[in-house]
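Since the structure comes first, as structure tokens, the remarks are kept for the end.
The values are calculated or read from the model by the stated rules, or taken from the named source; none is laboratory data. Because the structure is predicted, anything quoted here is derived from the model rather than measured. Quick reminder, even Gly has a Cβ in these numbers, built from the backbone with ideal geometry, and neighbours come from all protein chains shown.
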Amino acid sequence: MNKHDFNPESLMMTYGYKPELSEGAIKCPIFQTSTFVFKTAEEGKAFFELAYGLRQKSDTEELGLIYSRINNPNLEILENRLSLWDKADDCAVFESGMSAISTVLLEFLQPGDLLVFSNPVYGGTDHFIHHFLAKIGVHTIGVMPHQSMEEVKAMIEASGKADKLAMIYLETPANPTNNIVDIADFSLLAKKYSTDDKQVLVAVDNTYMGPLWQHPLQCGADLVLYSATKYIGGHSDLIAGAVLGNAELMIRVKTLRTFLGNMVSPHTAWLMLRSLETLKVRMDQQTKNAQVVAEYLNQHPKVEKVYYLGLLEEGTDKYTTYRKQCSAPGAMVSFDIVGGEREAFAFLNNLKLMKLAVSLGSTESLAEHPKTMTHAGVDPEQCKQMNITAKLVRLSIGVESTKDLIWDLDQALEKVAITESKNEVLG
Ligand SMILES: *Cc1c(COP(=O)(O)O)cnc(C)c1O
């Protein structure tokens, strides 16, 4: 038979699982166990030699199962399946997106290093960078959405720490405004500052595109990170994270994970295996729905501006980057309502089908107010520069009928009273 490369969605039900090792069960059972029995003491010794890197693995040898903080079949199968979407050598799953992010930052940064990061970033990441990394003496430079690569270079040079640049951390599209940055451009910048004995790494939080619509490793990034709580889990019933990259970097990530002990539990891994079977159909439907929602909002008189990749104007730099880097606009739609917090809250309080909750990427549609919720801890002056203002509302679009979603948005916007004075102020 001819060799045939299956698409990832065709492999999500079976890849990496051997029924004969589990009584022929068609589905991978939950390996709800803390430890694994060695056949002999010699076998236990051999497994530990590999786990602790005391000797090289022979060609035919696989790391045996030892203890669920080090390895577990549910985690290994999940990691193998997740690796297919991003064409990564390896993957490590974590107990949350934040623990994936903080483990990567802790492993690859040390006191005195310089970290360059794009703004805005997820509220938790923003906190970790500004509070924890500052505390351990890591210098940081935040790049604002309007800044060019020339300006970024100038900031690195002006910092006097160019030789200490260790990592560029990007979130694109960014939560909550869908701001995008060019991964390939930043990868070139990282190469420029790399030397024979120091590689400047590029890590990308790809949560907003899930593993489907953007593949940062293919654009030159070294590590890709996910809050798997979002599209990958997809049902608002678990918290998890993932990191993917080449074998050399992933050994370091997995080693730190072993000692921090922040791997995902077998049960959560099993839930994610189930989620992955429908990842593509869910995400395809969600992005289709989101385009309809974004277009509806874009023509509504009570909506001032819509932040959605599917509405980017042709000919702009952001549009060029989007077309080069992403294969779909995603299911996250943010918009400025005419007015401010009062109008935004009136809209949120009147939704009937969509739920007022943080998180995203799930089968049900959610709505929230970034300025007072997910991004409440972000510096107010910086918020303004990143368009995170009182009038911004963030929607995550699910798999419901678009007729019902539009009905809901319509009736909630209908109930928003725009006061005379507000209208005058807005001219
Ligand atoms: C939710 C989120 C995170 C944090 O993930 P948790 O699973 O909640 O820890 C990180 N980055 C982005 C972009 C997110 O949306």
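Residues are listed down the side, and each one gets a yes or a no for (1) among the hydrophobic types (A, V, I, L, M, F, W, C); (2) touching a residue at least 24 places away in the same chain (Cβ under 8 Å); (3) outside the structural domain of TRP213 (by TED's automatic domain parsing):
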{"position": "PRO301", "(1), (2), (3)": "no, yes, yes"}
{"position": "GLU313", "(1), (2), (3)": "no, no, yes"}
{"position": "THR321", "(1), (2), (3)": "no, yes, yes"}
{"position": "LEU366", "(1), (2), (3)": "yes, yes, yes"}
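Listed residues VAL264, VAL333; which is within 18 Å of the chain's Cα centre (by Cα), assigned by TED's automatic domain parsing to the domain that holds ASN72 and buried (at least 16 other Cβ atoms within 10 Å of the Cβ)? From the options VAL264, VAL333, the qualifying one is VAL264. The number of residues in the stretch 16-33 being part of a loop (DSSP other than H, G, I, E, B) and more than 15 Å from GLU277 (Cβ to Cβ) comes to 9. Only one of these is modelled with pLDDT under 95 and either on the phi < 0 side of the Ramachandran plot or within 14 Å of the ligand (Cβ to nearest atom) (or both): ASN175, ASN262, ASN246. Name it. Criteria check complete, one pass: ASN175. Restricting to the stretch 177-214, and then to whatever is within 20 Å of SER359 (Cβ to Cβ) and of a type in the set (A, V, I, L, M), can you tell me which residue is surrounded by the most Cβ atoms within 10 Å (Cβ to Cβ)? The selected residue is MET209. With respect to the stated conditions, ILE77 is farther than 30 Å from MET144 by Cβ, more than 16 Å from the ligand (Cβ to nearest atom) and touching a Phe, Trp or Tyr at 6+ places or on another chain (Cβ under 7 Å).
Restricting attention to the stretch 374-386, the residues that are farther than 14 Å from HIS130 by Cβ and either away from the ligand (no atom under 16 Å from the Cβ) or not assigned by TED's automatic domain parsing to the domain that holds TYR296 (or both) total 2.
All of (1) within 16 Å of the ligand (Cβ to nearest atom); (2) under 18 Å from GLN110 (Cα atoms); (3) touching an Asp or Glu at 6+ places or on another chain (Cβ under 7 Å); (4) not basic (Lys, Arg) hold for ALA166 with one exception: (1). Inspection of the stretch 215-225 identifies no residue that is in contact with a Ser or Thr (Cβ under 6 Å, 6 or more places away or on another chain), within 30 Å of GLU364 (Cβ to Cβ), within 16 Å of the ligand (Cβ to nearest atom) and of a type outside the set (S, T, N, Q). Residues considered: PHE36, PHE108. Of these, the only one that is crowded, with 16+ Cβ neighbours inside 10 Å, under 25 Å from GLN325 (Cβ atoms), more than 16 Å from the ligand (Cβ to nearest atom) and of a type outside the set (A, V, I, L, M) is PHE108.
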